[in-house]
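Down below is the structure, laid out as structure tokens.
The values are calculated or read from the model by the stated rules, or taken from the named source; none is laboratory data. Worth saying up front: this structure is predicted, and the values here are computed from it rather than measured. Quick reminder, even Gly has a Cβ in these numbers, built from the backbone with ideal geometry, and neighbours come from all protein chains shown.
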Amino acid sequence: MSTTTTKEPGAVRRRSPRRLGDAIFSGVATGAGVTILVLLAGVAIFLLIEAWPAISAPAEELPGGEGLVDFILPLAFGTVLAAVIALMLAVPFAIAIALYITHYAPRRLAQGMGYLIDLLAAVPSVVYGLWGIFVLAPASFGILKWLEENLGFLPFFTGPASSTGRTMLVVGVVLAVMILPIITAVTREVFLQTPRGHKEAALALGATRWEMIRMAVLPFGRSAMISGSMLGLGRALGETMAVTIILSVSGAVTFNLISSGNPATIAANIALDFPESSGIAVNALIAAGLVLFGITLVVNMAARAVINRRREFSGAG
């Protein structure tokens, strides 16, 4: 009596050899990731080495003669203040524009608006700076005066209003325009990827278009809104030429956004002082750059943590 053995489908399968293209792609991708980490570590080590003479130097040898903390603190404050103003102005407009392009505008108009918004990202920062100092700053005097007269009880608008318009508020508006296309592009692409079933289910339950957007589109695009905002914040933190051209600097730490006395930013201060600096002053400027590097790194790490937490909460893969 003969017995025959039959193999169940998939029970014993010889593993197919790995394709050469897959191996090459995997190696290139891994190498690219490792290269980025190595470059990032190299930049951090270079900044730390070059900044160490300023970190260890006596206070009287540093610019200002009051120590490295007193030298960098106003610059870090001005950097964060300008970036936060820009982010507060740009994010609502960017999300509104992305929603209009993806869910309200006719197709032809949406396509043209998308190209126009993307074109704003290609404008050089020096052009924004020239527009800010020659157009926006003079035109803003009336608004600055109105803010002083009607909202002067707030520390942001105590005045006196600058007659030239070269204020932190104007810088924030210009930076907001600069980061607007970045945030809009990221959120727009993710809004377009919202599952059709989610939107149709909301509409089938009787939701209006805005209710559908609020219940389906915005929750789906929350991580994109955070990511786009952090990308825009990164550019605002490191912007140099526009801030250098527009801002009237006094070096003071103040929340007054409409007066002529404004704190400088780290990037703008380095651009202004580096060509004429030498010795320990150069190391102090590099130390300021190290602080800016740290601020940007912390902001991006915090954004990544928020995105990962939201992903775990929502159950997305």
Output the residue which, of all residues in region 219-261 that are over 20 Å from the mean Cα position of the chain (by Cα) and more than 22 Å from Ser140 (Cβ to Cβ), is surrounded by the most Cβ atoms within 10 Å (Cβ to Cβ). Phe220
If you go through Gly142, Gly129, the only one that is part of a helix (DSSP H, G or I), of a type in the set (Gly, Ala, Ser) and within 23 Å of the chain's Cα centre (by Cα) is Gly129
In region 92-126, what residues are more than 17 Å from Trp210 (Cα to Cα) and not in a helix (DSSP H, G or I)? Ala121, Ala122, Val123, Pro124
Suppose we keep only residues that are β-branched (Val, Ile, Thr) and touching a residue at least 60 places away in the same chain (Cβ under 8 Å) within region 204-218. Which one would you say is surrounded by the fewest Cβ atoms within 10 Å (Cβ to Cβ)? Ile213
Would you kindly identify the helices (runs of 4 or more DSSP H) lying entirely within region 193-274 that contain at least 3 residues that are farther than 18 Å from Tyr128 by Cα? 196-204, 209-212, 222-238, 266-273
Meets criteria (in contact with a Leu (Cβ under 9 Å, 6 or more places away or on another chain) and without any contact (Cβ under 8 Å) to a residue 40 or more places away in the chain) for Met168: no
Return only the number of the condition from (1) touching a residue at least 60 places away in the same chain (Cβ under 8 Å); (2) closer than 29 Å to Met225 by Cβ that Leu144 does not satisfy. (2)
Within region 275-317, track down each residue that is at pLDDT 70 or above and charged (D, E, K, R). Glu276, Arg304
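Matching residues to (1) in contact with a Cys (Cβ under 8 Å, 6 or more places away or on another chain); (2) within 24 Å of Thr254 (Cβ to Cβ); (3) modelled with pLDDT under 90:
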| position | (1), (2), (3) |
| --- | --- |
| Leu151 | no, yes, yes |
| Leu154 | no, yes, yes |
| Ser162 | no, yes, yes |
| Gly165 | no, yes, yes |
| Val174 | no, yes, no |
| Met178 | no, yes, no |
| Gly197 | no, no, yes |
| Leu205 | no, no, yes |
| Arg209 | no, no, yes |
